[in-house]
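Beneath this line is the structure, given in structure tokens, with notes to follow.
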Amino acid sequence: MDMRHLEDVLREQGVLAAIAELGLAARAVFGETAARNPYRHHRWLVKRTPDKLIVNAIPEEVDQDHLFWEEWYAEGGRVHHHVLSRWPPARYDAIFQAPPSDDEHPPLSFGKRWYVIDDPDMRAWLMRR
């Protein structure tokens, strides 16, 4: 569990730079980060493939039954924000069966079924409270 301020974690993990590279303003995505860190049970991972830049906030294994995984990435000329869960939320847009491994997704997601919300709101899910 990471008790540091969210902004410090985002800077250290390269998330702030990656969010800017995606064309998003960190303040618009994360709001005020100095006072709290609702992502203390998540791992941040910035992944680059030849085609994509992907920012992930994925919960630790023990928290995946009640916390969402989020990802931001650009594809087809627009930025996407997905909110994924291991349980079926009231509304979802797709089901993603994570492969045993790949070069786009965080290892904590591998080999599991995820329910995907294609969220047009780029704000981080846990910063909306």
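Restricting Ala28, Ala18 to those that are among the hydrophobic types (A, V, I, L, M, F, W, C) and within 14 Å of Arg123 (Cα to Cα) reduces the list to Ala28. Each residue in the stretch 71-123 was checked for being modelled with pLDDT under 95 and of a type in the set (A, V, I, L, M), and 2 of them qualify. Whether a residue is in contact (Cβ under 8 Å) with a residue 12 or more places away in the chain and in contact with a His (Cβ under 6 Å, 6 or more places away or on another chain) was assessed, and Trp87 does not pass this test. Number of residues in the stretch 14-38 that are touching an Asp or Glu at 6+ places or on another chain (Cβ under 8 Å) and assigned to a loop (DSSP other than H, G, I, E, B): the value is 3. Applying a threshold of 7 Å to beta carbon distances and a minimum spacing of six or more residues, or different chains, the list of pairs starting in the stretch 42-61 at a residue that is touching a residue at least 60 places away in the same chain (Cβ under 8 Å) and on the phi < 0 side of the Ramachandran plot and ending at one that is part of a strand (DSSP E or B) and charged (D, E, K, R) reads Ala57/Glu70. For Val29, the conditions (1) out of contact with any Lys or Arg (no Cβ under 7 Å at 6 or more places or on another chain); (2) over 21 Å from Arg113 (Cβ atoms); (3) surrounded by 12 or more Cβ atoms within 10 Å (Cβ to Cβ); (4) not polar (S, T, N, Q) are fulfilled apart from (1).
The values are calculated or read from the model by the stated rules, or taken from the named source; none is laboratory data. It should be emphasised that the depicted structure is a prediction, and the values quoted were computed from it without experimental measurement. Here Cβ is always computed from backbone atoms with ideal geometry, including for glycine, and neighbour counts include all displayed protein chains.
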